[in-house]
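The values are calculated or read from the model by the stated rules, or taken from the named source; none is laboratory data. Just so it is clear, the structure is predicted and the values come from calculations on it, not from any experiment. Positions of Cβ are generated from backbone atoms using ideal geometry, with glycine treated the same way; all protein chains shown enter the neighbour counts. With ligands, DNA and RNA removed, areas are computed over all heavy atoms of the protein, side chains included. Shrake-Rupley method; radii C 1.70, N 1.55, O 1.52, S 1.80 Å.
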Protein chains: 2
Amino acid sequence: MFRHVVLFTWTEEATEEQRARVATELGRLPEAITEIRSYTVGPDAGVSPGNHQFAVVADFDSADDFLVYRDHPLHQAVIAEHIKPIVASRAAVQFEV
Amino acid sequence: MFRHVVLFTWTEEATEEQRARVATELGRLPEAITEIRSYTVGPDAGVSPGNHQFAVVADFDSADDFLVYRDHPLHQAVIAEHIKPIVASRAAVQFEV
């Protein structure tokens, strides 16, 4: 399995509606991008200090399938329209599991 | 399910042996900490630029079980002996899935 992880912090100006919209829009991608095997997203639970604010963990059969997702027009549209306007920082790793 | 994600970058001085040792030592924790439901670790695959260098994704039944793991002496020993000496930056999120 090939696992993709990305963590975000949001700008101070990001509204609660904008933050929630990211989860909603990303959550639609598994219906459209058949290479996705598992897709989990959510805001930080607030149990540990100093955390980032939002996580995506997505599983694929292979690195090639991850690249289909990464570069998919629907994914890129969510990034451009809903993530980039409110992102402050981003950390990502892809790894074989 | 309660999912814990942490991403690291390492210092430039970190040796390949030290980086590999982190994976080895963390990989022993699921045998010792029974609250862990799923545990995946690994170095970044190198398919996307600008990534962090190492990921941990761990699943638990609850936030309370995550806290048992987070504060467990064996986990804290791995952090103190193998992670802290080579960590440059850390990003983490815990979220309900």
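What the table shows:
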| quantity | calculated |
| --- | --- |
| Residue among B:Phe95, B:Phe2, B:Phe54 that alone is under 25 Å from A:Ser89 (Cα atoms), within 13 Å of another protein chain (Cβ to nearest Cβ) and touching a helix residue (DSSP H, G or I) at 6+ places or on another chain (Cβ under 6 Å) | B:Phe2 |
| Residue check, A:Asp44 within 11 Å of another protein chain (Cβ to nearest Cβ) and open to solvent by less than 50 Å² (accessible area, probe 1.4 Å) | yes |
| Residue selected from the stretch A:52-97 under the condition β-branched (Val, Ile, Thr) and open to solvent by 30 Å² or more (accessible area, probe 1.4 Å), by the criterion nearest to B:His4 (Cα to Cα) | A:Val97 |
| Residues that are over 23 Å from B:Thr9 (Cα atoms) and in contact with a His (Cβ under 6 Å, 6 or more places away or on another chain), drawn from the stretch A:1-28 | A:Arg21, A:Val22, A:Glu25 |
| Considering residues of the stretch A:29-41 that are more than 10 Å from chain B (Cβ to nearest Cβ) and touching a residue at least 12 places away in the same chain (Cβ under 8 Å) only, the residue surrounded by the most Cβ atoms within 10 Å (Cβ to Cβ) | A:Ile36 |
